[in-house]
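First comes the structure, then the notes that go with it.
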Amino acid sequence: MPIEIDEEGFLNLVLAYCYLASKTMFGVLEDFNVNFIWRPLGAWDGRSPPDRAKVKMPLARQDVARWAKRMGIPCNPPPPTTDPTPAGLGSLLAEKQGCLREYVIEVMRCEWTGSNDIGQRDILLPIAEQIGLDKKEFEAVLDDPDSQKQLDDNWKEAQELGVIGVPSFLVEEQIFWGNDRIDFLEEYLMELRLLKI
């Protein structure tokens, strides 16, 4: 039986760097014996506060456009007013139903190729149905206080663990912060001899 360790992933589905990370993180997860613990965030959790975000956004969008060009993926940013909370809530159901990867990829695709607001139910519902989630269950999770509490608890836990931003991936005591740290995450998992054979 291969050794398996936990890897926690903290992401906020509106962030550009989480969009970039979503293009490579699932491949890394498939290649290694890790138990991925999904920790989605909502609202402004894991992001710069609104006043700081206004200052950073022009530079961040330039940077993300360069990354997207390098990766060969589209980059049409969503509206700056997008609230990722509904998308994060939906991801909890997608994980439970075994289609987290499909959900994250489709939400990010819709958001970053079509410049769509993933805080809107009319944007999220077709994605949920497309990947096979039940419409009524999906609508219910968007209004579920326990699911909202899970998002809030995820951010509290992240801060307690030393996470200062997202995307962040934790393995043992190591924190890998940013889409450009996934290579380091992969190297660390190699050092731990967790590569699937």
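When Leu125, Leu170 are screened for being of a type in the set (A, V, I, L, M), touching a Phe, Trp or Tyr at 6+ places or on another chain (Cβ under 9 Å), part of a helix (DSSP H, G or I) and surrounded by 16 or more Cβ atoms within 10 Å (Cβ to Cβ), only Leu125 passes. Pairs linking a residue in the stretch 31-51 that is in contact (Cβ under 8 Å) with a residue 12 or more places away in the chain to a residue that is in a loop (DSSP other than H, G, I, E, B) and surrounded by 17 or more Cβ atoms within 10 Å (Cβ to Cβ), with Cβ atoms under 7 Å and 6 or more positions apart or on different chains, are Phe32/Leu194; Asn33/Leu194; Val34/Leu194; Pro40/Leu13; Leu41/Val166; Gly42/Pro84; Gly46/Val166; Arg47/Leu15. Among the conditions (1) in a helix (DSSP H, G or I); (2) surrounded by 14 or more Cβ atoms within 10 Å (Cβ to Cβ); (3) charged (D, E, K, R), Asp117 misses just one, which is (1). Filtered by the rule that a residue be over 19 Å from Asp63 (Cα atoms) and aliphatic (A, V, I, L, M), the stretch 4-28 gives Ile5, Met25, Val28. Which residues, taken from the stretch 25-84, are among the small types (Gly, Ala, Ser) and either assigned to a loop (DSSP other than H, G, I, E, B) or at pLDDT 95 or above (or both)? The answer is Gly42, Ala43, Gly46, Ser48, Ala65, Ala68, Gly72. For the stretch 1-24, filtering for residues that are buried (at least 17 other Cβ atoms within 10 Å of the Cβ) and closer than 22 Å to Gly114 by Cα leaves 13.
Can you give me the number of residues within the stretch 167-177 that are farther than 11 Å from Glu7 by Cα and at pLDDT below 95? Before the answer, list the steps.
Our first condition is that a residue be farther than 11 Å from Glu7 by Cα; within the stretch 167-177, this holds for 167, 177.
Applying the additional criterion that residues be at pLDDT below 95 yields none.
The total comes to 0.
The values are calculated or read from the model by the stated rules, or taken from the named source; none is laboratory data. Just so it is clear, the structure is predicted and the values come from calculations on it, not from any experiment. Using ideal geometry, Cβ is built from the backbone for each residue, glycine included, and neighbour counts are taken over all protein chains shown.
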